[in-house]
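Data block below; observations after.
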Amino acid sequence: MVSFITGGTGLLGSNLIDHLLARGETVYALLRPGSGARLAELRGRWGAAAERVVAVEGDLLDPDLSPACPDAVDHFFHLAALQDLACLDEDALTRVNVEGTRRAVALARSLGARRFHHGSSWAVAGAYDGLFDEGMFEQEAEHPLPYFRSKREAEAVVRGECDLPWRIYRPGIVVGRSDTGEMDEVDGLYHLFGALQTLGDALPRWAPLPRIEGGYLNVVPVDYVAAAMDHLAFRDEGDGACFHLTNPQEERFGDVLDTLARAARAPSFSTPLERQQVLDLLSPEMQEFVFRFFPPGFLVAGTFLDMLGIPSQLMGLKEHPTRFDCSETQRALAGTGIRCPELDRYARRLWHYWQGHLDPELLRDDSLEAAVGGKTVLVTGASSGIGEATACHFAKAGAKVLAVARSADKLEALKARIESAGGRAQVYPADLSDDSARQELIEAVLRDHGGVDILVNNAGRAINRMIEKAFDRLHDYERVMALNYFGPVSLCLGFLPGMRERGFGHVINVLSLGAQAVGPGATAYSSSKSALETFADGVRIDLADDGIHVTNVYMGLVHTPMSAPTRMYADMKGMQPEDAAELLGRAAIERRVAYSVEAMGPFSRFLWAVWPEGAATFLRATGRGMRMAPPDMLPS
């Protein structure tokens, strides 16, 4: 016998082919361009039987698709679909799931197939509140996610337009194999795995997490679905029927979450906690504060999900009301030994496979070459110190460096050094404290390169002067703000639109310990760095969904020409420019929110938060101590 299958290299398709080959079937598999490598991998699994798998190249959505299939097709299995619950692209879902099914029906008809088998989904039930049996279809309740609508419309195509004998299969939420845990991609419940790993790393296993009841989830391993579909497809009875390939023992959302947490060695979601119990722990005054000032529930939930990397659409399943009756399927499988195992019996295998094969951290290249290679990186203050070292460091890793500073001669020397080492650099002499010069720079870079991928705001000016010597020197503060604050802000405003349009960008701000803990004589410098810090934090929030990262690097003392005029710094332990460049390289790789070089910075902020009087007392004492030093050692 001969079978034809779409989606044959996918999780369910490849597992179904296992069974078809065991039956002695010849299998024609429709392969989209780019699926050849996956098929070659599967042939290794199938061994000698792989000779009976014939690759048919083509795209189901191609209107001119007319595959050569010399054998008469007995069974046509349509499994190709866009299965991402979190997908909000309704056009793509309609094109692949609905129109793709319509094309599959037409293809099966043109191949003279005897029977059409459609891989549908539990999502057909939408948000139906109650028990959904295998004979139900019109009773669906509308669901807000487009994926659910697309699967329902696809099944409607089979029911209304397929003139071949057909059978429909509705699996539950499909996960990896129950025996090996094998899965092919992160989807559905697998979005929870990274969050559980984060919780497991951050909290001890005994930490009490609140019990979550929620609605119903029906989880099934792919090996059960494939085995059941194989048996049901080759039975004499069943044309015009729908089979629920679901677990008869349904679980609540909270049960599934708790089972996965135990498999991940994360804290268990098992502590009963009612809303009133929490409120009873608070004083009436605190309760009033919570209700008046605490953010709305949806904002809190969205923040929590974003921190854990969980798509909010997935958490919409938390209250899913539908239960599935699979009694007809169970009767058809009676005596075959094909049974759906309970999740707690194989959850640990799912976890181990994800951890060893699908965890995104395994796939990340942590090299600077991967982070900046081929990217356009603009570095300000590049003529000396941190900027010069950073330009060389990034160019060595394959970046196209745009070096910006006031000194044209020094920039040209830097460019020659980079190019002699095999790197790429272009120089833009500009005084970033001057607004017209900033605008000319932005226009030139956009004209020459179309924008930048990574912006390193390093250029800075330090005017360190005790306040009593600056009463008549407002211009000091204006000069520092012009370069340290308005310079980076102008460049961000000029280059962020292009970053948003391309869906990627990284702004790295070279800040200072002075932004975390102001020291004596640093009112001008620390104010400018604190202003840039606040601006950067706001940009990060406003552009959180645009693929743009913002990193603040709080440097300690770096021995550069900028720090050299203050004699006191010469005898202090500090970093060299090359060390600072290494840190900025790490920032480009990891894209974290912040890096602090000196422990004093975070400690100072903590002290100000919990004991402001103590922090102020400490800093006042530091200032008095500074005045006892020789005058030529102090900031002037």
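A short reminder: the numbers here are calculations on the coordinates, not readings from a lab. Values in this document were obtained by computation on a predicted structure and should not be read as measured data. No Cβ is skipped: glycine too gets one built from the backbone with ideal geometry, and neighbour counts run over all protein chains shown.
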Across every pair of different alpha-carbon atoms, what Kirkwood hydrodynamic radius in Å does the chain reach?
29.1
Nearest-20 debye value, the chain charge dipole, Cβ charges on Lys, Arg, Asp, Glu:
1800
Based on the Cα gyration tensor of the range 384-524, what are the three equivalent ellipsoid semi-axes, each the root of five times an eigenvalue, rounded to whole Å and given largest first?
29, 18, 15
Of the GluC sites (Glu not before Pro) in the range 117-195, which ones lie in a loop per DSSP and count no more than 16 other C-beta atoms within 10 Å?
Glu138, Glu142, Glu185
Compute the long axis of helix 408-420 from its Cα atoms, compare it with the longest principal axis of the Cα atoms of the chain, and write down the angle in degrees, 0 to 90, nearest 10.
40
Scattering from the C-alpha atoms of the range 342-451 alone, worked out with Debye: what is log10 I(q)/I(0) at q = 0.11, 0.18, 0.22 1/Å?
-0.47, -0.86, -1.13
Ranking Ala141, Ser178, Val157 by how far each Cα lies towards the positive end of the charge dipole of the range 128-242 (+1 on Lys and Arg Cβ, -1 on Asp and Glu Cβ), the top one is Ser178
From the backbone phi of the range 65-82, what are the Karplus-calculated ³J(HN,Hα) couplings (6.51 cos²θ - 1.76 cosθ + 1.60, θ = phi - 60°) in whole Hz, Gly and Pro given as x?
5, 8, x, 7, 9, x, 8, 5, 8, 8, 10, 10, 9, 9, 10, 5, 6, 8
The convex hull of the Cα atoms of the range 1-153, divided by residue count, gives a volume in Å³ per residue of 128
Lysine pairs within the chain, Cα separation less than 19 Å, 8 or more sequence positions apart or different chains
7
Relative contact order as a percentage, the range 83-200, C-alpha pairs under 8 Å and 6+ apart, gives 35
Using the number of other C-beta atoms within 10 angstrom as an exposure proxy, rank Ile467, Ile386 with the fewest first.
Ile467, Ile386
Selection from Ala389, Leu411, Gly374, by position along the positive dipole direction of the range 370-420 (Cβ)
Gly374
Want the number for Arg95 to Met600: 0.36 nm per residue separation, take away the alpha-carbon distance, what's left?
176.1 nm
Nearest-0.05 FRET efficiency for Asp344 and Ala86 at R0 = 35 Å, using Cβ-Cβ distance, is 0.85
Summing -39500 (n - 2.57) over every DSSP H run of at least 4 residues in the chain and dividing by its residue count gives a helix-only mean residue ellipticity at 222 nm, to the nearest 500 deg cm²/dmol, of -13000 deg cm²/dmol
When Met229, Met555, Met136 are ranked with the fewest other C-beta atoms within 10 Å first, the list becomes Met136, Met229, Met555
Between Arg45 and Arg114, what length in nm is gained on full extension when 0.36 nm per residue of separation is reduced by their alpha carbon distance?
22.0 nm
Linear extension gain, Glu440 paired with Ala609, 0.36 nm per residue minus alpha-carbon span
56.6 nm
Rounded to one decimal in nm, the spacing of the 7 Å Cα→Cβ label points at Trp206 and Gln355 is 2.1
